[in-house]
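Reviewing the structure listed below.
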Amino acid sequence: MGQLQTKKVYVQNLQPGMYVCGLDRPWLETPFSLQGFLIRNLAEAKKLSLYCDYVYIDDKKSIANLNLAVSAPVSSHRAHNIAHTAFKAELASHHIVRYPEKTAVTREIRVAHSAYQNLKDEFDTMASRISHGKPLNIAHLHQVITPLIDSITRNPGASIWLARLKSQDSYTYRHCIAVAIWCSVIGRQIGLPKKELTLLSMGGMLLDIGKLKIPSAILNKTQQLSEREFALVQKHVDLSLKMARDSSKTIPKAVTDMIACHHERFNGSGYPEGLQGTQIPLFARIAAIADCYDAITSQRTYAKPIPHAVAIKQMYEWRGHDFQPELIEAFIQSVGIYPTGTLVELTSGQVGIVVKENPGKRLRPQVLVILDADKNQYTDFTEMDLAESANAEQKPIDILKTLEPGAYGLDPETLYI
């Protein structure tokens, strides 16, 4: 037999007809079960890009022209390195902080829940003040946000759990709080100092506050909006800005930048100014990702929610177009493939809820096991580290599938209690 001939190809340059014979990580840490496969279409190539930076291609089994395929990555990869270096230089001016996890999710969840409830109350207060023509109380909003940021810096998993709860409450206020959480979670991931995490969270709360001035009949319309109606919805940016600037205290520019630019897109296709790249302030680039993710994963009158796994795959595909690649990668790293609070069924038949991701082994998180193989609830819940089960002599336990809230009578919204 001839010697295996392989070529390293970066995932952005994969093409149908290439035969993948190796990854840049262990096969077991990806959903690809075979030791090699032919890429049949671009969808399969994009799926690989979610897990790998590069792969190895067997040129004998490939039917694509590898000479053309491997020549492009050099310049593409070099451009990526240049952009990444520029992003690191941008972050350096923010005095980067590294946040170790100081508490377990199962302990932090009660504290995070209290902070979440306080934010719900604050939103109701803001909505009431707006309806009565009174200015926003920014000083009090800052005070209420501080406990949330403290919790996120200790362990973001608890707040991530809460942000992913899709309750039947008002979409507008739940969305505002969730975006506040996602913004600060991304900020924590890239190392922004706590003061800036507070500004990110404050901006997230205020992004869509102007929608309270738009008729609900338009916001909840299930048919296509007319040009006039669409222009009115876009007007929420100006309305939010006016409310923020008319508040009881001078609002930081970083927050107004988030409000003004969270609908701008990295390739210049957004609104209202058509800004692109780093013309868009950093906090607004973060807000765009947080706002989009929560919107597409939430139930809205005009759209069904997209599952988390599908959402992050789509957003990863939009990197470089809608969103900055480095920030999308930071977002995915912060939430993982199975975010905290995900209800899962294991190959053992047991059912549990994800409480912590294992860095480097994203498909093998730590799970709080709630039901046994016969779907009977345990008297005492126990934590199972799927990464450790993979290292054991017996057959490893994997995640078989994710479950919808309510499966087997379990609801992540109440499990933390």
Q. Among the listed residues A387, A309, A330, which satisfies the condition of being over 30 Å from R265 (Cα atoms) and of a type in the set (G, A, S)?
A. A387
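From the list K134, K195, K221, pick out the single residue that is surrounded by fewer than 15 Cβ atoms within 10 Å (Cβ to Cβ) and either touching a strand residue (DSSP E or B) at 6+ places or on another chain (Cβ under 7 Å) or not in a helix (DSSP H, G or I) (or both). I'd like the intermediate steps shown before the answer.
Details: K195 fails: either touching a strand residue (DSSP E or B) at 6+ places or on another chain (Cβ under 7 Å) or not in a helix (DSSP H, G or I) (or both); K221 fails: surrounded by fewer than 15 Cβ atoms within 10 Å (Cβ to Cβ).
None of the others qualify; the one that does is K134.
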Q. Of L192, L162, which residue is touching a His at 6+ places or on another chain (Cβ under 8 Å), modelled with pLDDT of 95 or more and not β-branched (V, I, T)?
A. L192
Q) Regarding I57, is this residue among the β-branched types (V, I, T), touching a strand residue (DSSP E or B) at 6+ places or on another chain (Cβ under 6 Å), surrounded by 12 or more Cβ atoms within 10 Å (Cβ to Cβ) and at pLDDT 85 or above? A) yes
Q) Could we say that G22 is at pLDDT 60 or above, more than 24 Å from the chain's Cα centre (by Cα) and on the phi > 0 side of the Ramachandran plot here? A) no
(Q) For the structure I just gave you, tell me whether Q333 is under 16 Å from the mean Cα position of the chain (by Cα) and modelled with pLDDT under 90. (A) yes
Q) Which of the strands (runs of 3 or more DSSP E) contained wholly in the stretch 298-417 include at least 1 residues that are buried (at least 17 other Cβ atoms within 10 Å of the Cβ) and in contact (Cβ under 8 Å) with a residue 40 or more places away in the chain? A) 343-346, 351-358, 361-371, 399-402
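Output the residues belonging to the stretch 342-357 that are among the polar types (S, T, N, Q) and within 22 Å of the chain's Cα centre (by Cα). Even if it seems obvious, please write down each step before you answer.
First, the residues of the stretch 342-357 that are among the polar types (S, T, N, Q): 342, 347-348, 350.
Answer for the stretch 342-357, where residues must be among the polar types (S, T, N, Q) and within 22 Å of the chain's Cα centre (by Cα): just T342.
The values are calculated or read from the model by the stated rules, or taken from the named source; none is laboratory data. In this text the structure is predicted, and so the values were computed from the model without any measurement. Glycine gets a Cβ as well: all are built from the backbone with ideal geometry, and neighbour counts include every protein chain shown.
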